[in-house]
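S.K.: Below: one structure in structure tokens.
The values are calculated or read from the model by the stated rules, or taken from the named source; none is laboratory data. Given the structure is predicted, the values throughout are model-derived calculations rather than measurements. Backbone-built Cβ (ideal geometry, glycine too); neighbour counts: all protein chains shown.
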Amino acid sequence: MNDFFDNQRILDIVWNRRLHFVIIGLCAIIVAAVFSSPVFITPKYKSTARLYPVNLSVLSEESESEQMLEILNSNDIKLKMFDTFNLYDVYKVRRDDPLYLTYMLAIYNDHFSVRKTEFETVQIEVLDENPVRAYEMCDSLIDFYNLKVREMHSAKNWEMVKIASDNLMKRGKERDSLADLLSEIRRNYQILDMQSQVPEVTRGYMKALAETGENSAGTREIKRLYDNMLEKGTEALVMERHFAYLNNTIDSLTELYHVNYSEANKSITYAHVVERPLVPDKKAYPVRWLIVAFTLMSSLFFALLVFMALDYRKREKRGV
């Protein structure tokens, strides 16, 4: 057994059996060529597209390309492809089969490839027996991706619109109630603006006391306003500040409402197409020369092992 794989012995076997090797090689080529033909293996065509993600919001620590991969590989898009192109019939999977979805997803994953390239683009590859359908499915994946992201963003923005709208209604009612209270104070107590009125009324009251005395009509009028401020001033000041706060809050909520309303109704794309899919004019599967080459090499190697074993047994019988 020591000389079973002896190089010189192998060369001798190859030379002595050269006719056998030629016949085996020719047979292997013919068999491989026949069984890799369209009669036995249905040819498939590949349509390819490359995309850059754009206009995506930050959702996690994932890059935009990784977000695009997650969405393109989502079951929502896969199911949409099943229905749009009637892939149940294309892949010959019965819908009443309890495991039809498992089978469909497995076949889909064999025919659809989505991966990130070294340049942060996302490459889509679609295999199908029909070159036109391969192109249409590849192109539809881009459209479905845009639609899916738009739905996700729109749902988030409509949620913000509702939150802003509800808060606007609540703050609006609160401001209206406060405005009524402030109007009542201003009407009954002549307090229009505490911050500006207090120094002026105090100064006027002191001046009237000094010039006309406490019993003059003008002094009594100013004192009445002064007493009103002592009685209702703090309450009025708190209301005024809260009223100003509500106005600022309503302005912010109004801006938030309009921004999110605009975003919710916006129709933009979320993929910059670097390479658009084309209708393939050459099959991508099977690669017949590779099948033939592999079959040829395997046959010749197996034949060599058989001839070496036969030669070794022959030598043992002769006691060599």
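S.K.: Using beta carbons and a limit of 6 Å, which pairs, at least six apart or on different chains, have the first residue in segment 167-178 and under 12 Å from residue 245 (Cα atoms) and the second one assigned to a helix (DSSP H, G or I) and at pLDDT 90 or above?
M.R.: 171/246; 171/249; 171/250; 175/246
S.K.: Would it be correct to say that residue 182 is over 22 Å from the mean Cα position of the chain (by Cα), more than 30 Å from residue 273 (Cβ to Cβ) and in contact (Cβ under 8 Å) with a residue 12 or more places away in the chain?
M.R.: Numbers: over 22 Å from the mean Cα position of the chain (by Cα): yes; more than 30 Å from residue 273 (Cβ to Cβ): yes; in contact (Cβ under 8 Å) with a residue 12 or more places away in the chain: yes.
Yes; evaluated as a whole, the condition is true for this residue.
S.K.: Check residue 128 against each of (1) under 22 Å from the mean Cα position of the chain (by Cα); (2) surrounded by 18 or more Cβ atoms within 10 Å (Cβ to Cβ) and name the one condition it does not meet.
M.R.: The failed condition is (1).
S.K.: So, one more: Within the bounds of segment 137-159, is there any residue that is touching a strand residue (DSSP E or B) at 6+ places or on another chain (Cβ under 8 Å), closer than 30 Å to residue 256 by Cβ and assigned to a helix (DSSP H, G or I)? Give the steps one after another, and end with the answer.
M.R.: Initially, segment 137-159 is screened for residues touching a strand residue (DSSP E or B) at 6+ places or on another chain (Cβ under 8 Å), giving 137-139, 141-142, 145-146.
Then drop every residue that is not closer than 30 Å to residue 256 by Cβ, which leaves 145-146.
Next, from what is left, pick out any that are assigned to a helix (DSSP H, G or I): 145-146.
Checked segment 137-159: at least one residue is touching a strand residue (DSSP E or B) at 6+ places or on another chain (Cβ under 8 Å), closer than 30 Å to residue 256 by Cβ and assigned to a helix (DSSP H, G or I).
S.K.: Any residue in segment 249-259 that is surrounded by 12 or more Cβ atoms within 10 Å (Cβ to Cβ), in contact with a helix residue (DSSP H, G or I) (Cβ under 6 Å, 6 or more places away or on another chain) and modelled with pLDDT under 85? Don't jump to the end; show me each part of the working.
M.R.: Residues of segment 249-259 surrounded by 12 or more Cβ atoms within 10 Å (Cβ to Cβ): 249-250, 252-254, 256-259.
Okay, now just the ones that are also in contact with a helix residue (DSSP H, G or I) (Cβ under 6 Å, 6 or more places away or on another chain), so 249-250, 253, 256-257.
Right, trim to modelled with pLDDT under 85 and you get none.
No: segment 249-259 contains no residue that is surrounded by 12 or more Cβ atoms within 10 Å (Cβ to Cβ), in contact with a helix residue (DSSP H, G or I) (Cβ under 6 Å, 6 or more places away or on another chain) and modelled with pLDDT under 85.
S.K.: Just give me the residues in segment 254-276 being in contact (Cβ under 8 Å) with a residue 60 or more places away in the chain and of a type in the set (A, V, I, L, M, F, W, C), in sequence order.
M.R.: Of everything in segment 254-276, those that are in contact (Cβ under 8 Å) with a residue 60 or more places away in the chain and of a type in the set (A, V, I, L, M, F, W, C) turn out to be 256, 264, 268, 271, 273, 274.
S.K.: Just to verify a result, which residue in segment 247-283, among those that are part of a helix (DSSP H, G or I) and touching a Leu at 6+ places or on another chain (Cβ under 7 Å), is nearest to residue 142 (Cα to Cα)? Let's see the steps before the verdict.
M.R.: First, the residues of segment 247-283 that are part of a helix (DSSP H, G or I): 247-264.
Next, from what is left, pick out any that are touching a Leu at 6+ places or on another chain (Cβ under 7 Å): 250, 253-254, 257.
On the way: 250: 40, 253: 35, 254: 35, 257: 30 Å.
Selected residue: 257.
S.K.: State yes or no: is residue 167 in contact with a helix residue (DSSP H, G or I) (Cβ under 7 Å, 6 or more places away or on another chain), polar (S, T, N, Q) and assigned to a helix (DSSP H, G or I)? I'd like the intermediate steps shown before the answer.
M.R.: Details: in contact with a helix residue (DSSP H, G or I) (Cβ under 7 Å, 6 or more places away or on another chain): yes; polar (S, T, N, Q): yes; assigned to a helix (DSSP H, G or I): yes.
Against the criterion (in contact with a helix residue (DSSP H, G or I) (Cβ under 7 Å, 6 or more places away or on another chain), polar (S, T, N, Q) and assigned to a helix (DSSP H, G or I)), residue 167 qualifies.
S.K.: Let me ask something else. For segment 39-115, give me every one of the helices (runs of 4 or more DSSP H) that falls completely inside it and has 1 or more residues that are more than 12 Å from the chain's Cα centre (by Cα) and more than 23 Å from residue 153 (Cα to Cα).
M.R.: Values: elements: 64-72, 75-84, 87-90, 100-111.
Of the helices (runs of 4 or more DSSP H) lying wholly inside segment 39-115, those with at least 1 residues that are more than 12 Å from the chain's Cα centre (by Cα) and more than 23 Å from residue 153 (Cα to Cα) span 75-84, 87-90, 100-111.
S.K.: Out of (1) out of contact with any Phe, Trp or Tyr (no Cβ under 7 Å at 6 or more places or on another chain); (2) touching a residue at least 40 places away in the same chain (Cβ under 8 Å); (3) farther than 27 Å from residue 281 by Cα, the odd one out for residue 149 is which?
M.R.: (1)
S.K.: Another one. Among the numbered conditions (1) surrounded by fewer than 18 Cβ atoms within 10 Å (Cβ to Cβ); (2) at pLDDT below 80; (3) among the hydrophobic types (A, V, I, L, M, F, W, C), tell me where residue 32 comes up short.
M.R.: Just one mismatch for residue 32, condition (1).
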